[in-house]
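Colleague: Next up is a structure, given as structure tokens.
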């Protein structure tokens, strides 16, 4: 199941040439992951208050084509795999269906002691 999230490129997201600064793609995919987790019914605020947070363990990114000021972008998130303590997502940033950026993101859940703990059951179930 693909989750979709829209983001508009604002002036603050761009360099002087009106092109999205490379690090901002990471912000776009982070927002999409947060929205995806919320759509699954997970309360990240409650998790954090209990001492559990998500952390990016590994990220591989491909910058394919630039986005520009005022573009309306779609961020797609798909689960590639989910194991008890980590999951891998594929995230793509598209403009009118054209892929501009792709990333493979490995997430873990960190517990109060700062060590990895099991993913929430709703995420483990997505591993099929």
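Colleague: Using the structure shown, decide if residue 41 is more than 19 Å from residue 103 (Cα to Cα), surrounded by fewer than 14 Cβ atoms within 10 Å (Cβ to Cβ) and either in contact with a strand residue (DSSP E or B) (Cβ under 6 Å, 6 or more places away or on another chain) or at pLDDT below 95 (or both). Step through it out loud before you land on a result.
Modeller: Numbers: more than 19 Å from residue 103 (Cα to Cα): yes; surrounded by fewer than 14 Cβ atoms within 10 Å (Cβ to Cβ): yes; either in contact with a strand residue (DSSP E or B) (Cβ under 6 Å, 6 or more places away or on another chain) or at pLDDT below 95 (or both): yes.
For residue 41, the condition - more than 19 Å from residue 103 (Cα to Cα), surrounded by fewer than 14 Cβ atoms within 10 Å (Cβ to Cβ) and either in contact with a strand residue (DSSP E or B) (Cβ under 6 Å, 6 or more places away or on another chain) or at pLDDT below 95 (or both) - is met.
Colleague: Would you check if residue 94 is without any contact (Cβ under 8 Å) to a residue 24 or more places away in the chain, surrounded by 15 or more Cβ atoms within 10 Å (Cβ to Cβ) and not in a loop (DSSP other than H, G, I, E, B)? Steps first, please.
Modeller: Details: without any contact (Cβ under 8 Å) to a residue 24 or more places away in the chain: yes; surrounded by 15 or more Cβ atoms within 10 Å (Cβ to Cβ): yes; not in a loop (DSSP other than H, G, I, E, B): yes.
Yes: the conditions hold for residue 94.
Colleague: Please verify whether the range 7-21 includes one or more residues that are at pLDDT 95 or above and within 11 Å of the chain's Cα centre (by Cα).
Modeller: The answer is no, given that none of the residues of the range 7-21 is at pLDDT 95 or above and within 11 Å of the chain's Cα centre (by Cα).
Colleague: Starting from residues that are within 18 Å of the chain's Cα centre (by Cα) and surrounded by fewer than 15 Cβ atoms within 10 Å (Cβ to Cβ), keep the ones in the range 101-123 and report whichever is modelled with the lowest pLDDT. Walk me through it before giving the result.
Modeller: Start the filter on the range 101-123 by keeping residues that are within 18 Å of the chain's Cα centre (by Cα), which leaves 101-110, 119-120, 122-123.
Then drop every residue that is not surrounded by fewer than 15 Cβ atoms within 10 Å (Cβ to Cβ), which leaves 104, 122.
Numbers: 104: 98, 122: 88.
Residue satisfying both the conditions and the ranking: 122.
Colleague: Follow-up. Anything in the range 1-33 that is touching a helix residue (DSSP H, G or I) at 6+ places or on another chain (Cβ under 7 Å) and assigned to a helix (DSSP H, G or I)? List them, or say none.
Modeller: Those that are touching a helix residue (DSSP H, G or I) at 6+ places or on another chain (Cβ under 7 Å) and assigned to a helix (DSSP H, G or I): 13, 24.
The values are calculated or read from the model by the stated rules, or taken from the named source; none is laboratory data. What you see is a predicted model, and the numbers here were worked out from it, not measured in a lab. Cβ: placed from backbone, ideal geometry, glycine included. Neighbour counts: every protein chain shown.
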